[in-house]
């Protein structure tokens, strides 16, 4: 369990909160030692002096009970000596015992004493000498009011909450440009071209990083456009001589049919490779998303491939929800999955789908019964121009899985590739259930 958060936002708030906590603790100790403690000592000292006045020349203060002197003392000073029974009726039962005040009073009077503080309509100190347990001395503190003693803990807690809340708002505002930068970087990593970020928000360091990111994104976009234009031009220029070669081969004599057929097959392979190049460079982001049922697209694909002499079985989930996807891109993804399975295996092919409700995503799985791929090569199979083990054949351009990965990233999904524990290769594609319609 990590106590310190990893994000810059969380670390900023955590740092400010820790500094404020230390500040509050120091403030609490300082106020307690230099404000509260001297005040309580002074109050105890004043009360002790008043008690000493009452006890002057009195060996037994109980003698004042019910006398005119006691009445006069109460009238002039508010101090009175009363029995414990009467004291309980006047609020002693609700008074709170304070060990701290009792210790201070005992030192002042040089004899054991018990102190209670009553907080009724007015503050009052109740003092009882341990040697005379039958009476109490009541000393009112009319100059004090309960509202003058604001709870220190509440005050510090309020200040701490306001400080941390302000720090949270400050850190949130400071990290907002970083969030935008993070989302834009993710889009660039998935092959997208986000709009330039605002370069006048945040601190000077954030502005500098934003400007550098916009410059980098423009360079990547220009490089991608140049690459697409170059590949499109090369593909167009290659098709013209390939067409002439095919026409020339068609005119070959019948006894050279084996040469002609070989040339035609090579031309078809080259055209297929060129088509894969174009598919890899093609961007489907301009195509709006549509609400589709993946099971329907799978059934269309299987029906279109039914002319081949191969067994293709399906196990499609009945509760598969409709999702927003780019239809042409997803059909190309499914077609590439099936083509790879048909090309690199000779047995049956299984296509299944399912819905993971907790993770809010669905999956498409294609399994063949071919030789599989070496475990060491699986991690690199989604790189362009990468082919698996020669046991799976060496034909093709090595762009099939790269195109699949690119389409999956465009839909913010995931793709897994692994060997089945018995036989064959399994490719599983996860697509998120998007809550709103995505149009770009």
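Every read-out reported here was derived from the displayed coordinates using simple, explicitly stated rules and does not represent laboratory data. If you're wondering where the values come from, they're calculated on a predicted model, not measured in any experiment. Don't worry about glycine lacking a Cβ; one is built from the backbone with ideal geometry, like all the others, and counts go over all protein chains shown.
With all distinct Cα pairs included, what does the Kirkwood hydrodynamic radius of region 301-349 come out to in Å, to one decimal, could you say?
Working: mean 1/r = 0.0807 Å⁻¹.
Evaluated over region 301-349, this radius sits at 12.4 Å.
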Between residue 422 and residue 27, what's the calculated FRET efficiency when r is the beta-carbon distance and R0 is 45 Å? Round to 0.05. 0.05
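Order of 136, 258, 126 from fewest to most other C-beta atoms within 10 Å?
On the way: 136 24, 258 8, 126 21.
Placing the least packed residue first, the sequence is 258, 126, 136.
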Contour minus end-to-end for residue 195 and residue 176, with contour as 0.36 nm per residue of separation and end-to-end as the Cα-Cα distance? 5.2 nm
Peptides 222-230, 400-408, 423-431, 167-175: what's the order by average Cβ count within 10 Å, highest mean first? 400-408, 423-431, 167-175, 222-230
